[in-house]
Amino acid sequence: MQAVFWGVRGSYPVPGPETSRYGGNTSCVEIRTNAGERIIVDAGTGLVRLGEQLVQNGEQLGNFHLLLSHLHWDHIQGLPFFAPIYQQGTQVSLHALRSDVAKLPEVLRRVARHEFFPVSMDEWAARLDFHEVHAGRRFGASAFRVRPFRLNHPFGAMGYRIEADGTSCAYVCDTAPFFQVLHKKHFLRGPEPLSTADRRALQKLRSGLVEAIRGCDTVIYDTHYTPEEYERFPHFGHSTPDQALQVCAGQDVRCLVLFHHAPNHTDDQMDGIAEQYRALGAQLGMEVVTAREGMTLPVRGGT
Amino acid sequence: MKLRFWGVRGFYPTPGAEFARYGGNTAACEVRNAAGQPLLVDVGTGAVGLGRALMGEAFGRGAGQLPILLTDTHLDHTGALPFFIPAFVPGNRLDLYGAAPVGLRRVLDALFDPHVCPINSIDNLSATIGIRDLPSTPFENNGFQIAGRRVPHGNDTGVGWRIEADGKVLAFLTAVDHPDGPLAESVLAIARDADLLVHIATWRDPGEWSSRRGGAVAHKALAVAHGAKAKRLCLSHYGPRCTDDRLEEMVRRLRDVSSLPVMASREGEEIEL
Ligand SMILES: [Zn+2]
Ligand SMILES: [Zn+2]
Ligand SMILES: [Zn+2]
């Protein structure tokens, strides 16, 4: 299996000379089996390039599986510009949380309709179907086995453990660490005091995540913030590389991929982060890779 | 009056080397009158950088005022609003003007819907936000005389803006299609005798999208400029396939047949009227 990174940014796309090496497109990762089957995770602007390439290569498009972590703009805004959806004979199967599945056709119709995008969803040549995912309920998607698990993020987000070719890759994005409740459905102006029930819910979320990533060959993690930035925005729903390392340490994870970089992080800053956590990971016996747009990462199994 | 482009792309941002010279951010143009008062046309991703820069002025202490004219309500004209820092400072005043069949408020509610945006609602922005459906008569805001007209655009959301200050006229037509036949009266009225006309120019590959989706091609921009007797033409809102090289070729071709000065908007560039 291999993971191809089409978009690695969080929040919004950042074109420009300061982000040209790590890339400016928002979240989109393609997971491929050795035989070339694919599953796509998230539909940020990185998806546009993937779509262009698929059409250019004239590949038999057939049925796509697209997993959505959640519906924040940086995870869906590439979808209306995904070229294969304008091709007859393509079928896109979208997998998302229950509340998102309920909202998705409406949101897509709305964003793809007059007020946002120039083409209405009815004009899409591809067939779209929607599938609800449930935490812990595994499902098959082409050659892949997928296990969804819940994350700590405003309005809820889903992580996915994806297995094929005897290897495994987890996508953990977007998520905050587990000190603050973020998965509730109201606006947080700042950190809120925790009740006992909140603490218990957070503990459960964290242990669900740890269990899902245990023994994973590669874990792609939302490490949006540096520790200093996190102190200023603990209620924004994202983690730091240190928090990702804490979650993965001791769980037999071989490779941690830092992902969903903050839009204000320049390439030079990212170089510093990459080197710092590569070294820290090495001390913990874990390979730490910082995601770059265009990067193809082999997902290697244990020996 | 002077202007500075912070984003010149249409549809979606285009990071990448082929777009590096003109910039990959979506539509945003800062306009200043002689007194230094600002106005913003469109809130694509280019507006994020402007927002940061404005924090060094009155907006940093909650004393800023900014009229925002939307030429369209698609994401490439509105999407950076949740990331526009002055909107998070109490005391600032932002006045949004635009047109949509369902009303501007409902479009913004969709943009800030809690499923797609963690801000949850536009009402959670700390600044005072005015939301105005396209006024039917000219109005004044922050030292600018402003007139907006609906112009032909596939989705009924395109607005042409005519902005006047210091005896100069700036016209924006960055969300417009020109159906076959004579140019629309509304289009000509917006651009009439303008000192600078900023006009949409998409590059269209054969077979790219449907014609309904493409927006106006560059030679139509020239026809509008000539028809309205504008003094200078500035292209903007390029299509995502319009690489820097294609863009320069497009401008060269227009210059060959034009008696008017023609230029291509570029991220970071200032233009004095
Ligand atoms: Zn995100
Ligand atoms: Zn998110
Ligand atoms: Zn546009």
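What to note about this one:
- Positive dipole terminus of chain A, leading residue within A:201, A:17, A:294 (C-beta point charges): A:201
- Approximating the spin labels as points 7 Å out from Cα along Cα→Cβ, the residue A:252-to-residue A:267 distance works out to 4.0 nm.
- For chain B, built as a Gaussian network whose Cα springs stay under 10 Å, the top-fluctuating residue of B:83, B:172, B:139: B:139
- Cut-off 13 Å between beta-carbons: net charge of the residues surrounding residue B:193, Lys and Arg +1, Asp and Glu -1: +4
- Residue-wise HN-Hα couplings along the stretch A:252-260, as the Karplus relation 6.51 cos²θ - 1.76 cosθ + 1.60 with θ = phi - 60° gives them from phi, are 6, 8, 7, 9, 10, 10, 6, 8, 6 Hz; Gly and Pro carry x.
- Highest-MSF residue in chain A out of A:254, A:200, A:278 [GNM, Cα springs under 10 Å]: A:200
- Prolate is the label for the protein assembly as shown, because a/c, from the alpha-carbon gyration tensor with a ≥ b ≥ c as root eigenvalues, is 1.5 or above and a/b exceeds b/c.
- In this rough spin-label picture, where each label sits 7 Å from Cα along the Cβ direction, the residue B:150-residue A:283 distance is 6.4 nm.
- Electrostatic dipole magnitude of the stretch A:2-293 [Cβ: Lys, Arg +1; Asp, Glu -1; Cα centre; debye, to 20]: 1040
- Principal-axis tilt of helix A:196-213 within chain A, Cα atoms, nearest 10 degrees: 70
- With the charge dipole of the stretch B:2-272 set up from +1 on Lys and Arg Cβ and -1 on Asp and Glu Cβ about the Cα centre, the Cα lying farthest toward the positive end among the listed residues B:80, B:153, B:227 is that of B:227.
- Residue order for B:5, A:187, A:178 - accessible surface, 1.4 angstrom probe, largest first: A:187, A:178, B:5
- Helical runs assigned H by DSSP (4 residues or longer) give the protein assembly as shown a calculated mean residue ellipticity at 222 nm of -7000 deg cm²/dmol, each run adding -39500 (n - 2.57) before division by the residue total.
- Taking B:121, B:258, B:136 in turn, the Gaussian network model of chain B (Cα-Cα springs below 10 Å) assigns the largest fluctuation to B:136.
- The H on the amide N of residue B:95, modeled in the peptide plane, is under 5 Å from the matching H of B:66, B:68, B:130, each at least 5 residues off or on a different chain.
- Reachable lysines, given that their alpha-carbon falls under 20 Å from the alpha-carbon of residue A:185 and they are not under 8 places away in the same chain: A:103, A:204
- Principal-axis tilt of helix B:218-227 within chain B, Cα atoms, nearest 10 degrees: 90
- Gyration tensor (alpha-carbon) shape descriptor, chain A, a/c threshold 1.5: rounded
- Chain pair B, A: total accessible area buried, heavy atoms, 1.4 Å probe, Å²: 3400
- Loop-located GluC sites (Glu not before Pro) in the stretch A:3-79 (DSSP state other than H, G, I, E, B) with a sparse environment of at most 12 neighbouring Cβ atoms within 10 Å: A:59.
- For the stretch B:2-272: accessible area per residue (Å², 1.4 Å): 36
- For the stretch A:178-303: rounded, prolate or oblate by the Cα gyration tensor [a/c cutoff 1.5]: oblate
- Averaging the sequence gap over all C-alpha pairs within less than 8 Å and six or more residues apart, then dividing by the number of residues, gives the stretch B:2-272 a relative contact order of 18 percent.
- Probe 1.4 Å - accessible area at residue A:73, Å² to nearest ten: 20
- Net charge contributed by nearby residues that have their C-beta within less than 15 Å of residue B:151 (K/R +1, D/E -1): 0
- Working note: Karplus 6.51/-1.76/1.60 with θ = phi - 60° gives the stretch B:24-38 the couplings x, 6, 7, 3, 6, 9, 8, 10, 10, 8, 4, 7, x, 6, x Hz, where Gly and Pro are set to x.
- A straight Cα-to-Cα reach below 17 Å connects residue B:229 with the lysines B:168, B:220, residues fewer than 8 places away in its own chain not being considered.
- Long-range HN-HN contacts of residue A:175 with modeled amide H, under 5 Å: A:222, A:239
- Taking Cα atoms only, the orientation of helix A:267-284 departs from the longest principal axis of chain A by about 60 degrees.
- Each Lys and Arg Cβ is given +1 and each Asp and Glu Cβ -1; about its Cα centre, the protein assembly as shown then shows a dipole of about 800 debye.
- Percent antiparallel among DSSP beta bridges (both partners in the protein assembly as shown, rounded to 5): 50
- One chain, two ends: residue B:269 and residue B:53. Fully extended at 0.36 nm per residue, the span grows by 76.3 nm beyond their Cα-Cα distance.
- With every protein chain in place and a 1.4 angstrom probe, the accessible-area ranking of A:86, A:171, largest first, reads A:86, A:171.
- Charging the Cβ of each Asp and Glu at -1 and of each Lys and Arg at +1, and nothing else, the dipole of chain B about its Cα centre rounds to 280 debye.
- Rounded to the nearest Hz, the phi-derived 3J(HN,Hα) couplings of the stretch B:42-53 under the Karplus curve 6.51 cos²θ - 1.76 cosθ + 1.60 (θ = phi - 60°) are 6, 10, x, 4, x, 5, 4, x, 4, x, 5, 5, where x marks glycine and proline.
- In the stretch A:125-188, a dipole from Cβ-located charges (positive for Lys and Arg, negative for Asp and Glu) runs towards its positive end, and of A:157, A:173, A:128 it is A:157 whose Cα lies farthest in that direction.
- Within-12-Å neighbourhood charge of residue A:36 [Cβ basis; K, R +1; D, E -1]: -2
- Percent of beta bridges antiparallel (DSSP, the stretch B:2-272, rounded to nearest 5): 50
- Percent antiparallel among DSSP beta bridges (both partners in the stretch A:2-293, rounded to 5): 45
- Stretched out straight at 0.36 nm per residue, the stretch from residue A:52 to residue A:98 would grow longer than its current Cα-Cα span by 13.6 nm.
- The value of relative contact order for chain A, using C-alpha pairs under 8 Å at least six residues apart, is 19 percent.
- Remark on residue A:26: its backbone amide H falls under 5 Å from those of A:9, A:45, A:46, a criterion applied only to residues 5 or more positions apart or on other chains, H modelled at 1.01 Å from N.
- Fully extending the segment from residue B:249 to residue B:88, taken as 0.36 nm per residue of separation minus the present Cα-Cα distance, adds 53.8 nm.
The values are calculated or read from the model by the stated rules, or taken from the named source; none is laboratory data. These numbers come from a predicted model, not from an experiment. With ideal geometry, Cβ positions are generated from the backbone for all residues, glycine too; neighbour counts draw on all protein chains shown. The accessibility values were calculated without ligands, DNA or RNA, using every heavy atom of the protein model including side chains. Shrake-Rupley method; radii C 1.70, N 1.55, O 1.52, S 1.80 Å.
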